[in-house]
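A quick write-up on the structure given underneath.
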Amino acid sequence: MMGKVVMVFAVMVLLNVSSCSAWFGNTHKNGRNSILPSETTSAWPRLSNPVGSSIVFPLYGNVYPVGFYNVTLNIGQPARPYFLDVDTGSDLTWLQCDAPCTHCSETPHPLYRPSNDFVPCRDPLCASLQPTEDYNCEHPDQCDYEINYADQYSTFGVLLNDVYLLNFTNGVQLKVRMALGCGYDQVFSPSSYHPLDGILGLGRGKASLISQLHSQGLVRNVIGHCLSSLGGGYMFFGNAYDSARVTWTPISSVDAKHYSAGPAELVFGGRKTGVGSLTAVFDTGSSYTYFNSHAYQVLLSWLKKELSGKPLKLAPDDQTLSLCWHGKRPFKSIREVKKYFKPVTFSFTHGGRVKAQFEILPEGYLIISNLGNVCLGILNGSEVGLEELNLIGDISMQDKVMVFENEKQLIGWEPADCSRVLKSRDISI
């Protein structure tokens, strides 16, 4: 999964299946009206106004030192809580699973006990997780999958259906049967290890949880999140945002798997850097932001010029991230040092004209390490196998409402106070 780990590239580019992933919080509140669906999909209740319905989840965690944001989902019969890493870079939602488990890492809850409702090998959901269209079905009655992530994490498992307990903002509680992965054999390096239950895949594919909810007519195919720099935040499915305030840019038609946008120019402190034709992938499966090698080296050059004569010196002994600086005394917060840095902006163009600007303020690309140094949270993607990919990670999406409008093929953002979890009355339909 994504390793959301300091120094470890948290984006997981799936080598043979989907594309990216990560690792997870607290319990949902009860006391809402419960509608119990029947066992057959056709008889499950649909909301009378799915276009106006939404689900809002509180998030937990931070970029540093925790290294990821997570959500709690209640799954199974009876429903049990599981801590999941929120990952917009991959499709499959899966839990470490007692099938029995061949290799599982430590989990905060008992391993998930799988249902016996297996997804067949030729089901479209299974096909969407396979490396090729002509995949082999060794077991026709079940869907076996293998996912390999770029930080050497991999998972083997079986796709099955089970019940998710979901609270909608209109006060309705539904038990919705959807597919998830039973991961019974995980391979991970110490650097990619997190003691969590699994991954919440929110990518653009058929197996994604938002795609499954949308296919049942329960919500619009829209997801969003608001990651607080203070820790925590919220995530939503459906119409839980005010579209009038959002800056929009089209989802790239070149990349069918990721929430990507482009082309864009790289701007530093309001000045063009000469780096253009960039495509940016927005991915909560990565704690940090990654530039391709050329853009990264240009950024370092501009930073060097900007910091010349400033009271910051390189701190090579601090291995928190690739590049850190120390001051005359240890820093306690970004507020003490952000005056020495300038905003970094992706200026998205269409037809040669600037249409939208994604501005990353210094607090969106810097952290204060536990040694009191300031470190650069933009890393060289070529060093972790991302090649020409530019990845916008959690650090640069903090304190913004991010909206991924799959129906209109748009990505949007607006500055926000993400420490305040949305209530039903705050939602603009």
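The values are calculated or read from the model by the stated rules, or taken from the named source; none is laboratory data. What you see is a predicted model, and the numbers here were worked out from it, not measured in a lab. So basically every Cβ, Gly included, is an ideal-geometry build from the backbone, and we count neighbours across all protein chains shown. When the accessible area is computed, the model is the full protein with side chains, heavy atoms only, and any ligands, DNA or RNA have been set aside. Shrake-Rupley method; radii C 1.70, N 1.55, O 1.52, S 1.80 Å.
Derived from the Cα gyration tensor, the three semi-axes of the equivalent ellipsoid of the stretch 316-418 are 29, 17, 13 Å, largest first. Taking all protein chains as shown and a probe of 1.4 angstrom, Cys104 keeps an accessible surface of around 40 Å². Each semi-axis of the equivalent ellipsoid for the stretch 267-367 is √(5λ) with λ an eigenvalue of the Cα gyration tensor; in descending order they amount to 26, 15, 13 Å. Surface listing: Val254, Val71, Val354, Val66 arranged by accessible area from highest to lowest gives Val254, Val354, Val66, Val71, probe 1.4 Å. Here the accessible area is traced with a 1.4 Å probe on the protein chains. For the stretch 72-214, carbon and sulfur cover 51 percent of it. In the stretch 308-419, Cα pairs under 8 Å separated by at least six residues give a relative contact order of 20 percent. Spacing of the modelled spin labels on His139 and Ala256, each 7 Å from Cα toward Cβ, amounts to 2.9 nm.
A 1.4 Å probe, protein heavy atoms only, puts the accessible area of Val267 near 20 Å². Fully extending the segment from Arg271 to Lys355 would add 28.6 nm, taking 0.36 nm per residue of separation and subtracting the current Cα-Cα distance. The gain in end-to-end length when the Glu383 to His109 segment is fully stretched comes to 95.2 nm, 0.36 nm per residue minus the alpha carbon separation. The 1.4 Å probe gives accessible areas that order Lys342, Lys272, Lys328, Lys355, largest first, as Lys328, Lys272, Lys355, Lys342. Could you calculate the FRET efficiency of Arg420 with Glu336 from 1/(1 + (r/R0)^6), where r is the beta carbon distance between them and R0 is 22 Å, rounded to 0.05? The pair Arg420/Glu336 has a calculated efficiency of 0.30.
Once the Cα-Cα distance is subtracted from the 0.36 nm per residue extended length, the Arg122 to Ala79 segment shows a gain of 12.7 nm. Counting only protein heavy atoms and using a 1.4 Å probe, the accessible area of Cys101 comes to about 40 Å². Rounded if a/c is under 1.5, else prolate if a/b is larger than b/c, else oblate: which is the stretch 110-166, with a ≥ b ≥ c the root eigenvalues of its Cα gyration tensor? It comes out oblate by the Cα gyration axes. Under the rule a/c < 1.5 gives rounded, and otherwise a/b versus b/c splits prolate from oblate, where does the stretch 246-293 land using the Cα gyration tensor? The shape class here is prolate.
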